[in-house]
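The values are calculated or read from the model by the stated rules, or taken from the named source; none is laboratory data. For clarity, every value in this text was computed on a predicted model and none was experimentally measured. Using ideal geometry, Cβ is built from the backbone for each residue, glycine included, and neighbour counts are taken over all protein chains shown.
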Amino acid sequence: MTNARGENGRVLEEKKVFRRQKLGTLLYSDETILSDKDKQKTDTYRGIQSRRRQDKSQPNSGNASPYFLSPWNRPSPYVKSPWTTRASSMEVYPYDYDDNFGKHGLIGSLVRKEGHIYSLAASGDLLYTGSESKNIRVWKNLKEFSGFKSGSGLVKAIVISGDKIFTGHQDGKIRVWKLSAKNNRKAYKRVGNLPTTRDYLKSSMHPKNYVEVRRRRNVPWIKHFDAVSCMSLDEDQGFLYSGSWDRTLKVWRLSDSKCLESINVHDDAVNSVVVGFDGLIFTGSADGTVKVWRRELVRKATRHVLVQTLMEQKNAVTAVAVSAAAGVVYAGSSAGLVNFWERKKHFLSHGGVIRGHKLAVLCLAVGGNLVVSGSTDKSICVWRREEGGVHMCVSVLTGHGGPVKCLAIQEDHHDQRWIVYSGSLDKSVKVWRVSEHAPDFKLLEGIGGE
């Protein structure tokens, strides 16, 4: 497959700094060490907060990590983050709340010690969480509402379509669940797999349906043979896209659960797939590339073709997110950076780099004008997209005791306010409220400054 370079000269210039690390099982990272100057600012800032809030205590769940040998637990070679102050979660803003801004920060924590949290999905007033325990928990109003369990394979991805829940697993399977009665706490039942058992058996009977995946190993092309790491829905077209560590992207038709296409999209594990705008699909991989695919109709069949490669670097691409309304694509990497591209007339142009994390960016979410990034450094940065492609950091949410592995964002009942859900390798899920009206986070420097 031929790779076409995008307009990302700045990124390509930086990629020579160090070799890409292989994407493996993520371990916890050490606590960030502050400089004397940062400690002085933090102490000054916390003193002001203490006087204003009359010493109200702030819960900070998540035990200290026992893991300290993470291969990504190294500072980014590109930049020293200007947002290293480790303020507590509810102390993000050093001034009184007002009607335009509203309460901003931690709402609550969901803790059930079942293992690392790998996936999240929000639908209405329900939150679905997947962990290494093979359980999918359902939460409502910060309380456990229901749940269901798969036979094998930790839960790496969750997507929801109507009354169906699709879960992607470490064992390479996509399981389908159905909500039969909303008022019944035991309403979830498994209704099938992707591919269906019938389609898989039918495909295995014909030698032409087998593809070589490893030396002397052939498997039917319609099934992932390695972990299903990501999924994305195109509800308008009725398609489900699944990406896997087997380096393929598969296209499923929701109406009959048929696998329409399997594409060898990358040279390493596929870490993220997102349905975008203008019929485009975006994939990010451990091979350091972000690719753009266009869906085309050929003789009543769906076919996806590569139209652009946005980035080629040695650092793994760990997450991709899209703002369809603005026509912007974001990609997080193991270098701790978030690159973004903007829609032009016939192509996507590199818009810049967002720097805020000291360690690898593991997940991204977009809501309105906000971009949320979670990192191995245990923090969550909230950015506001403004005119001219400028992104301002409006909040740094801290409180997790381990790397932030997954994010979900949902519109709040108030205008331009959002609920953010964060899942961590500290085995907890935290719920936050953020606002597009928030001021620039750099105001903290003026309060704790010299």
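Remarks
- Count - residues of region 289-323 that are out of contact with any strand residue (DSSP E or B) (no Cβ under 6 Å at 6 or more places or on another chain), more than 25 Å from Gly238 (Cβ to Cβ) and not polar (S, T, N, Q): 2
- Out of Gly172, Gly151, one residue alone is part of a loop (DSSP other than H, G, I, E, B) and within 23 Å of Leu425 (Cβ to Cβ). It is Gly172.
- Residue ID - surrounded by the fewest Cβ atoms within 10 Å (Cβ to Cβ), chosen from residues in region 81-140 that are of a type in the set (Lys, Arg) and modelled with pLDDT under 90: Lys113
- For the residues Arg185, Arg198, Arg190, the requirement of being surrounded by fewer than 19 Cβ atoms within 10 Å (Cβ to Cβ) and either touching a Pro at 6+ places or on another chain (Cβ under 6 Å) or at pLDDT below 90 (or both) singles out Arg185.
- Per the listing Lys378, Lys345, the residue uniquely out of contact with any Phe, Trp or Tyr (no Cβ under 7 Å at 6 or more places or on another chain), farther than 27 Å from Trp139 by Cβ and part of a loop (DSSP other than H, G, I, E, B) is Lys345.
- Hits in region 274-291 - residues which are more than 21 Å from Ala335 (Cβ to Cβ), of a type in the set (A, V, I, L, M, F, W, C) and without any contact (Cβ under 8 Å) to a residue 60 or more places away in the chain: Val275, Leu280, Ile281
- Close Cβ contacts (under 9 Å, 6 or more residues apart or on different chains) running from residues in region 343-369 that are of a type in the set (D, E, K, R) to residues that are in a strand (DSSP E or B) and crowded, with 21+ Cβ neighbours inside 10 Å comprise Arg343/Val328; Arg343/Val329; Arg355/Leu337; Arg355/Val338; Lys358/Ser375.
- Region 307-324, residues that are buried (at least 21 other Cβ atoms within 10 Å of the Cβ), among the hydroxyl-bearing types (Ser, Thr, Tyr) and over 11 Å from the mean Cα position of the chain (by Cα): Ser323
- For the residues Lys149, Lys143, Lys156, the requirement of being buried (at least 18 other Cβ atoms within 10 Å of the Cβ) and either on the phi < 0 side of the Ramachandran plot or modelled with pLDDT under 90 (or both) singles out Lys156.
- Filter result (charged (D, E, K, R) and on the phi > 0 side of the Ramachandran plot) within region 210-244: Arg216
- Pairs where the first residue, in region 205-227, is outside any loop (DSSP other than H, G, I, E, B) and the second is surrounded by 15 or more Cβ atoms within 10 Å (Cβ to Cβ) and among the aromatic types (Phe, Trp, Tyr), C-beta under 9 Å, 6+ apart: Asn209/Trp221; Tyr210/Trp221; Val211/Trp221; Val213/Phe225; Arg214/Phe225; Arg217/Phe225; Val219/Phe225; Pro220/Tyr200
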